[in-house]
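Below is one structure, written out as structure tokens; the observations come after it.
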């Protein structure tokens, strides 16, 4: 990856670079399983994918139903309001998946242009049923927007099977590329809706009509923005690495590493926020035990073990740790490091945690994974 990022920078309209752009577009179609969608990487992080999806599809007065079960569903609702839309939120307890029945009830109340939700809620570690939610959107004539920032590359993302309209992600999570790009996929329905807008998109950089004058490649590319050339080298390399491993193999690896981590945590009495059927393997929200200074634990593991554990967001601040097992960090070594560091930090606070028991429990799951592999 570092070697790819260090390649000599060429012009963003250089013919050789344009060939790389075409390879990236085709690779993203494969990654999303979106052969009929327009797939490009936006020149900004996953939040730009969210903003592009919402600002391109919504106009003032449009009705948007937004499922909120964590911080990033809430951010979607904020952005939809900034687009001038009439925003209807379907609010859930943080840590729970989006309830399709609640969403359908909101869509039945009045026509909506958009249904937006988060597939893999980064603030809680909960996974929602994208296929069912996208089907509900189609049933009610709404376009679907799906946030896959944390899911792409770690669990199955199947845009064609979902028949989703706009799906976006980020490069720094399970793709293990540097931050700063947002892969996005747009259906023909979404593109038609954008073309039929009454007024211009309220975001110039991510206006899809303008953006495709550069990325479309039909009839020659025109200048739209200066592409982050070296970041695109990194994305290309990450896609090569992922396809060499195999997408299904990568999904299985994430699942097995989660199982090993969960076994180790549970062996020392730690519990998860999210019920097992809805947990993300790549984002593990662990409940902080009573009497433990969660910030002190994070400080300890960073200072002593050079390991960063995420803090809780919003109403979960101080109540959970968010442990990522994403991309290149979803390995047995990282599982062992995390369990060792966390047990050490808990013991330092006077809550003994048997690191040997944690590691033995994890190794039991890892041994089974190796045998199956």
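Please work out if residue 190 is in a helix (DSSP H, G or I), in contact (Cβ under 8 Å) with a residue 40 or more places away in the chain and surrounded by 24 or more Cβ atoms within 10 Å (Cβ to Cβ).
Here the answer is yes, as residue 190 does meet what is asked.
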State all residues of segment 68-93 that are touching a helix residue (DSSP H, G or I) at 6+ places or on another chain (Cβ under 6 Å) and over 24 Å from residue 197 (Cα atoms); if no residue qualifies, say none. 68, 71, 90
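Of the residues 85, 27, 48, 71, only one is within 25 Å of residue 141 (Cα to Cα) and assigned by TED's automatic domain parsing to the domain that holds residue 216; which?
Working: 27 fails: within 25 Å of residue 141 (Cα to Cα); 48 fails: within 25 Å of residue 141 (Cα to Cα); 71 fails: within 25 Å of residue 141 (Cα to Cα).
Only one candidate passes the filter, namely 85.
Okay, residues lined up against (1) touching a strand residue (DSSP E or B) at 6+ places or on another chain (Cβ under 9 Å); (2) more than 22 Å from residue 156 (Cα to Cα):
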site	(1), (2)
279	yes, no
310	yes, yes
338	yes, yes
344	no, yes
350	no, yes
360	no, yes
Is there a residue in segment 215-237 that is within 30 Å of residue 61 (Cβ to Cβ) and either modelled with pLDDT of 95 or more or in a helix (DSSP H, G or I) (or both)? yes
Is it the case that residue 135 is buried (at least 24 other Cβ atoms within 10 Å of the Cβ) and not in a strand (DSSP E or B)? no
Test of understanding: among 324, 364, 310, which residue is touching a residue at least 24 places away in the same chain (Cβ under 8 Å) and under 20 Å from the mean Cα position of the chain (by Cα)? 324
Looking at this structure, is residue 298 over 30 Å from residue 241 (Cα atoms), at pLDDT below 95 and buried (at least 16 other Cβ atoms within 10 Å of the Cβ)? no
Report yes if some residue within segment 200-213 is surrounded by 16 or more Cβ atoms within 10 Å (Cβ to Cβ), modelled with pLDDT under 95, at negative phi and out of contact with any helix residue (DSSP H, G or I) (no Cβ under 9 Å at 6 or more places or on another chain); otherwise report no. yes
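The values are calculated or read from the model by the stated rules, or taken from the named source; none is laboratory data. Not measured: the values here are computed from a predicted model. Backbone-built Cβ (ideal geometry, glycine too); neighbour counts: all protein chains shown.
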